[in-house]
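Visitor: Please read through the structure below; I'll follow up with questions.
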Amino acid sequence: MIITVKPAKSLRGELATLPADKSVAHRAAIFAALAKGESVIENYSLAADPQSTLQCLRDLGVFVKQNKSQVVISSNGRLAFKPQKTQIDCGNSGTTMRLLSGIVAGAGLDITLTGDASLSSRPMKRVIEPLRTMGAKIESSPGDRAPIRFLSHEGLKPIEYILPVASAQVKSCVLLAGLFANGETRVIEKLPSRDHTERMLGLPSEISKHGARILKSSSSFEVKPGNTRVPNDISAAAFWMVAASIVPDSDVKLMSVGINPSRNAVIDILKRMGADIEVEVVSGSRDELLAEPVADIRIRSASLKAVQLHENEIPNCIDEIPVLAVAMAFADGHSEVRNAAELRAKECDRISAVVEMLQNAGVNIIEHEDGFEIAGNQNIAPKSSDYRSFHDHRIAMAASVLSLKSAGESTVADAECVSISYPDFYMHLSELCQ
Ligand code: S3P
């Protein structure tokens, strides 16, 4: 599907129904499947990735009932999976595949995890290696890609694992596998990545004398069923934060957005750029059952200035970098994103995709192996362009936000991929645009 995006005079309005946080939704469902009993998840995301997780859990024999955004999960616990299939399809979702790898390996199931073309090209060595060290028997496709075949084994042993990449998916995979191993598994992270797994499960942790976080799991750790509400997704909200900042005369309010400190660097980065952002933390009844802290966020247009991202904030804003690059194009001065080679291992190579997108718009951008530099200018009028999305939802949405600033119409190809995380994106775009 090719979408045409018209330039916007302003963006105005309130969005109460942003998509629910994908990272939290995957985990709420997976952790409910690990617990003995019934869990109810409110505000579950209807986007394709979290739906892939639900289907995988059904295929593992877990009872899953969905009514609109409410999901009821009933499980006999982590030792009682009864797979209905030998091949389980994770779709486009890296989080589904990497987190379920820990569980399928831990439970010793004879299962192959598959994915679409994009997921089958993404690196899986990062989960296969530690799981093999724990004793899992795994066959993978050349280059350690999906499909990944797990074979039954004698049981996992605990490990101490220093994360070679700042990845919440790898951290979670090893910790989840650790729930099946006798003894303590310790995962050491030097650069903090999103902490939803340890926060939602309540896993024990400590700080090493060198300042690294050590997270622990073991088979004696009890995963309890419970009722939770998923906050709205800050990664989806980020598109409107940038759009409202760069399009003049804008005023947008985003409701009940998750502001977990390991995910909210986008707010701080935009504020450093001079964005006009008000964050009102929500407490009281809307707070009930929430897995994570939330806030209502109001954004008005502002003159932006360049920014340099710090190495330790990269994992905290990794998914927001494509749209932050759009903000940088309209920010006076020299912006720089480095130490972000992980962007090349996402749904597409997001460094080359961002570079192509901004070059097509006439923006001055230099590519590096681990990032890019942008010479921004708040007065540039980007060229109308036919953007490629690379079948990557975040590139499609970033290109759409960029198109709002062009003098004429632009197009975004394969724009249906937004449904991976944000099925209503184009509906919200037309609601907000004046
Ligand atoms: C996610 C972690 C991040 C992020 C992805 C979701 C998660 O990936 O890019 O969209 O839910 O754990 P990495 O942990 O591999 O960096």
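Readers should treat all values here as calculations from the given coordinates under stated rules, not as data from a laboratory. Predicted, not measured: the structure shown is a model, and the values here were computed from it. Virtual Cβ from ideal backbone geometry, glycine too; neighbours counted across all protein chains shown.
Visitor: On average, how much area does the Cα convex hull of the stretch 127-216 cover when viewed from any direction, in nm²?
Guide: On the way: hull surface 24.1 nm².
So the Cα hull casts an average projection of 6.0 nm².
Visitor: Of LYS171/LYS405; LYS346/LYS405; LYS253/LYS305; LYS85/LYS157; LYS36/LYS209; LYS171/LYS253, which pairs sit farther than 31 Å apart, going by alpha carbon to alpha carbon?
Guide: Details: LYS171/LYS405 39 Å; LYS346/LYS405 26 Å; LYS253/LYS305 22 Å; LYS85/LYS157 26 Å; LYS36/LYS209 37 Å; LYS171/LYS253 34 Å.
Over 31 Å Cα-Cα: LYS171/LYS405; LYS36/LYS209; LYS171/LYS253.
Visitor: List, in order, the whole-Hz ³J(HN,Hα) value for each residue of the stretch 318-324 obtained from phi through the Karplus relation with A = 6.51, B = -1.76, C = 1.60 and θ = phi - 60°; use x for Gly and Pro.
Guide: 4, 7, 8, 4, x, 7, 5
Visitor: Gap in Å between the Cα centre of the stretch 251-278 and the Cα centre of the stretch 282-336?
Guide: 4
Visitor: Right, something else. In vacuum, with every alpha carbon of the stretch 344-390 counted as one equal point scatterer, what does the Debye formula give for log10 I(q)/I(0) at q = 0.21, 0.24 Å⁻¹? Two decimals, please.
Guide: With one equal scatterer per Cα and no solvent, log10 I(q)/I(0) is -0.73, -0.90.
Visitor: Can you compute the FRET efficiency between ASP110 and ILE162 using 1/(1 + (r/R0)^6), with r the Cβ-Cβ distance and R0 = 35 Å? Round to the nearest 0.05.
Guide: Values: r = 30 Å, r/R0 = 0.86.
Once rounded, the FRET efficiency stands at 0.70.
Visitor: Å³ per residue of the Cα convex hull, for the stretch 214-370?
Guide: On the way: hull volume 21.6 nm³, N = 157.
Output value, Cα hull per residue: 138 Å³.
Visitor: Rounded to the nearest Å, what's the spacing between the alpha carbon centres of the stretch 347-422 and the stretch 128-170? Just the number, please.
Guide: 35
Visitor: Compute the Kirkwood hydrodynamic radius of the stretch 129-175, taking the inverse of the mean of 1/r over all pairs of distinct Cα atoms, and give it in Å to one decimal. Kindly include the intermediate steps, with their values, before the conclusion.
Guide: On the way: mean 1/r = 0.0853 Å⁻¹.
Here the Kirkwood hydrodynamic radius works out to 11.7 Å.
Visitor: As I understand it, the value is the acute angle between the Cα axis of helix 94-107 and the longest principal axis of the Cα atoms of the chain; what does it come to in degrees, rounded to 10?
Guide: Approximately 10 degrees, to the nearest 10.
Visitor: Once the Cβ-Cβ distance between HIS334 and GLU184 is put in as r, and R0 is 45 Å, what FRET efficiency do you end up with, to the nearest 0.05? Could you put the intermediate results ahead of the total?
Guide: On the way: r = 47 Å, r/R0 = 1.04.
The formula returns an efficiency of 0.45 here.
Visitor: Hey, another quick one. When the Karplus curve 6.51 cos²θ - 1.76 cosθ + 1.60 is applied with θ = phi - 60°, which whole-Hz ³J(HN,Hα) does each residue of the stretch 121-135 get, with x for Gly and Pro?
Guide: Coupling constants for the stretch 121-135: 9, 8, x, 10, 4, 4, 9, 5, 4, x, 5, 5, 4, 7, x Hz.
Visitor: State the percent of C-alpha pairs, over all pairs in the stretch 65-182, separated by a distance greater than 26 angstrom.
Guide: Details: 1150 of 6903 pairs.
In whole percent, the share of Cα-Cα pairs in the stretch 65-182 beyond 26 Å is 17.
Visitor: Moving on to the next point. I'd like the antiparallel share, as a percent to the nearest 5, of DSSP beta bridges with both residues in the chain. Working shown, then result.
Guide: On the way: 54 of 74 bridges.
Beta bridges within the chain, antiparallel portion: roughly 75 percent.
Visitor: Can you give me the angle between helix 393-403 and the longest principal axis of the chain, using Cα atoms only, in degrees from 0 to 90, rounded to the nearest 10?
Guide: Tilt relative to the chain: about 10 degrees.
Visitor: Would you grab the residues whose amide H sits under 5 Å from the one on LEU15? Only those 5+ places off in sequence or on another chain, please, with H modelled 1.01 Å from N.
Guide: Answer set, sorted by chain and number: LYS253, LEU254, MET255.
Visitor: Helix 48-59: angle to the longest alpha-carbon principal axis of the chain, degrees 0 to 90, nearest 10?
Guide: It is inclined by approximately 10 degrees.
Visitor: Per 0.36 nm of contour for each residue apart, how much would the distance between SER141 and GLU431 grow if the chain were fully extended, relative to their Cα-Cα spacing? All intermediate terms of the calculation are to be shown ahead of the outcome.
Guide: On the way: separation 290, 0.36 × 290 = 104.40 nm, distance 4.46 nm.
Contour length minus Cα-Cα distance gives 99.9 nm.
Visitor: If you don't mind, another one. Would you please give the FRET efficiency between GLU278 and ILE214, computed as 1/(1 + (r/R0)^6) with r the Cβ-Cβ distance and R0 = 25 Å, to the nearest 0.05?
Guide: Working from the Cβ atoms, E equals 0.10.
Visitor: Could you give the semi-axes, largest first, of the ellipsoid that matches the stretch 297-434, computed as the square roots of 5 times the alpha carbon gyration tensor eigenvalues and rounded to whole Å? Walk me through the numbers before you get to the answer.
Guide: Working: eigenvalues 88, 67, 45 Å².
Calculated on Cα positions only, the semi-axes equal 21, 18, 15 Å.
Visitor: Here's another thing I want to ask about it. Taking 8 Å as the Cα distance limit and 6 or more residues as the minimum spacing, I'd like the relative contact order of the stretch 22-217 as a percentage.
Guide: Relative contact order here is 16 percent.
Visitor: Further, regarding this structure: Could you work out how much longer the chain between MET1 and GLU369 gets when fully extended? Use 0.36 nm per residue separation minus the Cα distance between them, nm to one decimal. All intermediate terms of the calculation are to be shown ahead of the outcome.
Guide: On the way: separation 368, 0.36 × 368 = 132.48 nm, distance 3.10 nm.
In short, 129.4 nm is gained.
Visitor: Could you list which residues have their amide H under 5 Å from that of LYS305, counting only those 5 or more apart in sequence or on another chain, with H placed in the peptide plane?
Guide: Those lying under 5 Å, H to H, from LYS305 are GLY274, ASP332.
Visitor: For the stretch 181-247, which trypsin sites (Lys or Arg not before Pro) are in a loop by DSSP, counting at most 15 other Cβ atoms within 10 Å?
Guide: Working: sites: ARG186, LYS190, ARG194, ARG199, LYS209, ARG213, LYS216, ARG229; in loops: LYS190, ARG194, LYS209.
Those that pass, being in a loop and sparsely packed, are LYS190, LYS209.
Visitor: What nm value, rounded to one decimal, do you get for the distance between ASN76 and GLU409 when each label is placed 7 Å out toward the C-beta?
Guide: It works out to 5.8 nm between the two label points.
Visitor: Ok, one more. In debye, nearest 20, what is the charge dipole magnitude of the stretch 281-434 about its Cα centre with +1 on Lys and Arg Cβ and -1 on Asp and Glu Cβ, if you could check?
Guide: Numbers: 12 positive and 25 negative charges, 110 e Å.
Charge dipole, the stretch 281-434, about its Cα centre: 520 debye, nearest 20.
Visitor: Per-residue counts of other Cβ atoms within 10 Å, averaged by peptide: what ranking do you get for 385-394, 108-117, highest first?
Guide: Numbers: 385-394: 23.2, 108-117: 18.6.
Per-residue Cβ counts within 10 Å, averaged per peptide and sorted highest first, yield 385-394, 108-117.
Visitor: Relative to the present Cα-Cα distance, how much length would full extension add between ASP251 and ALA381 at 0.36 nm per residue of separation? Spell out each step's value before the answer.
Guide: Values: separation 130, 0.36 × 130 = 46.80 nm, distance 2.09 nm.
Residue separation times 0.36 nm, minus the Cα-Cα distance, leaves 44.7 nm.
Visitor: If you wrap a convex hull around the Cα atoms of the chain, how much volume per residue is inside, in Å³? Mind showing how you got there, number by number?
Guide: Numbers: hull volume 55.1 nm³, N = 434.
So the per-residue hull volume is 127 Å³.
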